[in-house]
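Novice: Got a structure here, written out as structure tokens. Questions coming.
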Amino acid sequence: LLKRRLVFVPGPWQLIVATAALSGSAPRFGGGFRDHLVLYGHDLTESTKEAMATLAAPIWQWQSMTWIDDLPLRYILERPNWVDVRDEMVKRIGHPNADEIWISKLFYQSEQLICEAFPNSSIVLYEDGLHSYVPQIVYPRRFRSSMLRSPKQVIKHAVRTYPLHHRLLRIAIRGVFEDHLERVSNVTFFLDEVIPLPSYLLGKSVRHIQR
């Protein structure tokens, strides 16, 4: 029985990196997956969306391709209806369960919502860009439920825990939920031989994307 992977891609560069990561993982996993592509992003132009769709079709054997860019994913956890948006996203994708979800980061709310939507899926991280290497706050499990109810907990926790010269950057990046991080089974990066991995990813299984 083939397993199901949902590959979430927010832009053209991430599409290239994700596909390269999939290509490198195929021999390791024996090709036993059905891959579903989910495209989204913030303020994508129609020409960018068209280019992404055109690029995606021939470079990998996708079982389906779904756009969710019209859903209000940005700053979603600050909205009272974030649960409704999560449920609509799952409904549109058409697969409420997945063995793996592939995302480019853990520290933006769009991707945090994706993790919440598929709570039983293991997570594979692929490189998003240079900010994949920026240190992040890891919020303990006990903060998660209160943070989902009130993003102000992010600021309070950062102020109590971190030195002043780190706070502004880390609050802007928002940080990583501990329980999301625990679900990361594999990290596939491109520049990891040049730039050190951030400390929160140390100890994870890392596979380098060959140039």
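Novice: Whose amide H sits under 5 Å from the amide H of V206, counting only residues 5 or more places off or on another chain, with H placed in the peptide plane?
Specialist: Amide H to amide H, under 5 Å and 5 or more residues apart or across chains, V206 pairs with V187.
Novice: Ok, one more. Can you run phi through the Karplus equation (6.51, -1.76, 1.60; θ = phi - 60°) for segment 38-48 and list ³J(HN,Hα) in whole Hz, with x for Gly and Pro?
Specialist: Here the 3J(HN,Hα) series is 10, 9, 7, x, 9, 6, 6, 6, 4, 5, 5 Hz.
Novice: At 7 Å along Cα-to-Cβ for each site, give me the label-to-label distance between D99 and H208 in nm.
Specialist: Using points 7 Å along Cα→Cβ, the separation is 2.8 nm.
Novice: Please state the equivalent ellipsoid semi-axes for segment 34-103: what are the square roots of 5 times the Cα gyration tensor eigenvalues, largest first, in whole Å?
Specialist: Its equivalent ellipsoid spans semi-axes of 22, 17, 9 Å.
Novice: D99's amide H: which non-local residues (gap 5+, or another chain) put their own amide H closer than 5 Å, with H modeled 1.01 Å from N in plane and none for Pro or chain starts?
Specialist: R4
Novice: Continuing with this model, one more query. Could you tell me which of rounded, prolate or oblate describes segment 1-124, using a ≥ b ≥ c as the square roots of the eigenvalues of the alpha-carbon gyration tensor, with rounded for a/c under 1.5 and, failing that, prolate when a/b is larger than b/c and oblate otherwise?
Specialist: Oblate is the answer for segment 1-124, as a/c is 1.5 or above yet b/c matches or exceeds a/b.
Novice: What full-extension length gain, to one decimal in nm, is calculated for E178 and E88 as 0.36 nm per residue of separation minus the Cα-Cα distance?
Specialist: Separation in residues times 0.36 nm, less the Cα-Cα distance, equals 29.9 nm.
Novice: Now for a separate question. Distance between the C-alpha centers of segment 40-77 and segment 112-129? Whole Å please.
Specialist: Spelled out, the Cα-based centre of one part sits 16 Å from the other.
Novice: Determine the order of S122, S110 by accessible area, beginning with the largest, at a probe radius of 1.4 Å.
Specialist: Solvent-accessible surface, decreasing: S122, S110.
Novice: Shifting gears a bit: Which translational diffusion coefficient, to the nearest whole µm²/s, is obtained for segment 104-145 from the Stokes-Einstein equation, given a Kirkwood hydrodynamic radius over C-alpha pairs, 10 °C and 1.306 mPa s?
Specialist: In µm²/s, the coefficient is 137.
Novice: Could I ask something else about it? Could you order the peptides 89-100, 179-190, 39-50 from most to least packed, using the average number of other C-beta atoms within 10 Å per residue?
Specialist: In descending order of packing, they fall as 179-190, 89-100, 39-50.
Novice: Please compute the length gained on full extension between Q63 and S47, using 0.36 nm multiplied by the number of residues separating them and subtracting their Cα-Cα distance.
Specialist: 3.4 nm
Novice: For labels at L1 and L55 in the simple 7 Å Cα→Cβ model, what's the distance in nm?
Specialist: So the label points at L1 and L55 sit 3.6 nm apart.
The values are calculated or read from the model by the stated rules, or taken from the named source; none is laboratory data. Bear in mind that the values here come from a model prediction, so they are computed numbers and not experimental data. Note that we place each Cβ from the backbone using ideal geometry, even for glycine, and neighbour counts take in every protein chain shown. Areas reflect the complete protein model, heavy atoms only, side chains present, ligands, DNA and RNA absent. Shrake-Rupley method; radii C 1.70, N 1.55, O 1.52, S 1.80 Å.
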